[in-house]
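Working notes for the structure below.
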Amino acid sequence: MGPDVPAPAPAGAGSAAVASVQVASPRPRMLSSPPMRDADLQHAIAETWRAESPKVIAALVRMVRDLDLAEELAQDALVTALERWPASGLPDNPGAWLMATAKHRAIDHLRRAQLQLRKHAQIAQELDGLHDELHAAREDALDDDIGDDLLRLIFVACHPLLSPQARVALTLRLLCGLTTDEIARAFLVPEATVAQRIVRAKRTLGEADAAFEVPRREQLPERLSAVLGVVYLVFNEGYAATAGDDWMRPGLCAQALRLGRLLVELVPGEAEAFGLLALMELQASRTAARTGPDGEPVLLADQDRARWDHAAIERGLAALAQARRLSPAPGSYTLQAGIAACHARAASVDATDWGQIVALYDALELVSPSPVVTLNRAVAVSMHAGPGEALALVDALVEVPAPRAYHLLPAVRGDLLHRLGRGGEARAEFLRAAQLTRNSRERGLLLARADEAAPG
């Protein structure tokens, strides 16, 4: 397949929250243009929900202090949109419309709850305060050290009460807009496991009545690893989408890069923050060359390196140099950035220093062992020492339960078998990989490789 998909962060990497609070008008204006076709409207609503739901949920959490209720109220706003937009047309700012509708529902909920307690005088005061809050860009209680709504909420959700895995599952699902399937793919675990982690995380925070307060500067380091892990997972989903019709989701990559740049400003003495930024810059530099004219995937060996973003490469190499200056013992992200730098510096696949890449993977397996790291190392070994030696490494992974449903395992095995002249076996592996992937673009690529391996 070619080593062009970054390994997911280690399963112990932390979690994060995401979403910026947007100020919305209580009465969003509607477009006067003719109604859209049903299919176009449904697509527009789905895209709006994917982009805006994390922001809406994050804002509601601050109001109602309850994750389950916040998600329910956000869903109510979506249902209202589905009922009204087909007749009235898309609002000129759909995200603001959803935000305003959801906040009004939250106010109604608080009003009903307080009426049940017969606190009429208190209701009037608190509702006045809530209406004022709708138009406030930031709350006075926030710690301005962080300075960005999205990054601030990532730190908020990396609560010490939760295990690293629970933080990731909760925050990626609710506040990054990723599905349980996308999160499960990153950790090589069943979707049901991810769903259970989310439920437990909500229950833990609810039972502890944990306030969603922004950590102070002295509390940031204990949450940094979790934050880095989540930003990387968001980048990975953008770099190689789990499902859908697009191989990449560039918007997620851009968001992760923006957060990475903010992080190195926030914690300029943290080597791994620079390592992560270097890794993302170097990987993202290939974006323009990773897809063909019709959106089809282009593997590393076939990419036109003249189309790589050399400004991004320079930024990545500079961040990598800083990470190495800050720490003589490189961490996971710095090591992965070093691997990406080997590719970035090479004029072609054949000119790549595969021996150095194998050595870096050796170090990475010591720092952050995982089946995906081992699989990627096997690809590098195949380029350095030949497919026969690499196939033995991949075959050992077949016996490991976790990666069995990971489509790149049979894809890499198929590539090695093809290079060894074992076309029939290679075809079977490519077909298995095509069955396992949920991305239609990648499925097409794998089916084409199956035909290539054993024509007819």
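Brief remarks on what is shown
- Wholly enclosed helices (runs of 4 or more DSSP H) of the stretch 340-456 bearing at least 3 residues among the polar types (S, T, N, Q): 371-385
Let's see how each residue does on (1) touching a helix residue (DSSP H, G or I) at 6+ places or on another chain (Cβ under 7 Å); (2) among the small types (G, A, S); (3) surrounded by fewer than 18 Cβ atoms within 10 Å (Cβ to Cβ):
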residue: G177; (1), (2), (3): yes, yes, no
residue: T180; (1), (2), (3): yes, no, no
residue: R216; (1), (2), (3): no, no, yes
residue: F235; (1), (2), (3): yes, no, no
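- Selection count where residues are surrounded by 22 or more Cβ atoms within 10 Å (Cβ to Cβ) and in a helix (DSSP H, G or I), scope the stretch 277-317: 9
- Qualifying residue in the stretch 354-361 (condition: modelled with pLDDT of 95 or more and within 29 Å of D451 (Cα to Cα)): yes
- Selection status of A278, among the hydrophobic types (A, V, I, L, M, F, W, C), without any contact (Cβ under 8 Å) to a residue 60 or more places away in the chain and on the phi < 0 side of the Ramachandran plot: no
- Here the stretch 237-250 is the region considered, the condition is being touching a residue at least 60 places away in the same chain (Cβ under 8 Å) and either in a helix (DSSP H, G or I) or out of contact with any strand residue (DSSP E or B) (no Cβ under 7 Å at 6 or more places or on another chain) (or both), and the residue that is surrounded by the most Cβ atoms within 10 Å (Cβ to Cβ) is Y239.
- Residue in the stretch 72-110 that is surrounded by the most Cβ atoms within 10 Å (Cβ to Cβ), counting only those that are part of a helix (DSSP H, G or I) and polar (S, T, N, Q): T101
- No other residue among E442, E425 is crowded, with 22+ Cβ neighbours inside 10 Å and not β-branched (V, I, T) apart from E442.
- If you go through the stretch 318-341 and keep only what is of a type in the set (A, V, I, L, M, F, W, C) and crowded, with 18+ Cβ neighbours inside 10 Å, you end up with A319, L320, A323, L335, A337, I339, A340, A341.
- Residue-level analysis places R258 outside the set of residues that are assigned to a helix (DSSP H, G or I) and touching a Pro at 6+ places or on another chain (Cβ under 8 Å).
- Selected residue [closer than 23 Å to E222 by Cβ, of a type in the set (A, V, I, L, M, F, W, C) and assigned to a loop (DSSP other than H, G, I, E, B)] from A323, A329, A273: A329
- E265 part of a helix (DSSP H, G or I) and either aromatic (F, W, Y) or within 19 Å of the chain's Cα centre (by Cα) (or both): no
- Selection status of E52, at negative phi, in a helix (DSSP H, G or I) and at pLDDT 90 or above: no
- Being at pLDDT 75 or above and farther than 30 Å from A208 by Cβ is a property that holds for D38.
- Enumeration of residues in the stretch 348-359 that are over 13 Å from A301 (Cβ atoms) and among the aliphatic types (A, V, I, L, M): I357, V358, A359
- When the stretch 61-71 is filtered for residues that are among the acidic types (D, E) and surrounded by fewer than 16 Cβ atoms within 10 Å (Cβ to Cβ), only D68 remains.
- Lone qualifier among G444, G386, G423 - being out of contact with any helix residue (DSSP H, G or I) (no Cβ under 8 Å at 6 or more places or on another chain) and farther than 27 Å from L233 by Cβ: G386
- Verdict on R324 being over 18 Å from L300 (Cα atoms), basic (K, R) and in contact with a Pro (Cβ under 9 Å, 6 or more places away or on another chain): yes
Residue-by-condition table, conditions (1) among the acidic types (D, E); (2) farther than 29 Å from F430 by Cβ; (3) under 24 Å from the mean Cα position of the chain (by Cα):
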residue: D309; (1), (2), (3): yes, yes, yes
residue: L317; (1), (2), (3): no, yes, yes
residue: A337; (1), (2), (3): no, yes, yes
residue: A346; (1), (2), (3): no, no, no
residue: A351; (1), (2), (3): no, no, no
residue: A363; (1), (2), (3): no, yes, no
residue: G386; (1), (2), (3): no, no, no
residue: Y406; (1), (2), (3): no, no, yes
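- For the stretch 139-188, the candidate set comprises residues that are of a type in the set (V, I, T) and part of a loop (DSSP other than H, G, I, E, B); within that set, the residue that is modelled with the highest pLDDT is T179.
- Filter result for the condition that a residue is under 24 Å from L416 (Cβ atoms) and modelled with pLDDT under 95, over V372, V349: V372
- Counting residues in the stretch 426-438 that are of a type in the set (S, T, N, Q), within 21 Å of D246 (Cβ to Cβ) and modelled with pLDDT under 95 gives one or more.
- Contact map, the stretch 148-168: residues that are under 18 Å from V194 (Cα atoms) paired with residues that are hydroxyl-bearing (S, T, Y) and modelled with pLDDT under 80, Cβ distance under 6 Å, separation 6+ or inter-chain. Pairs shown: A157/T171; C158/S15; R167/S15; V168/S15.
The values are calculated or read from the model by the stated rules, or taken from the named source; none is laboratory data. Predicted, not measured: the structure shown is a model, and the values here were computed from it. Positions of Cβ are backbone-derived with ideal geometry, glycine not excepted, and every protein chain shown enters the neighbour counts.
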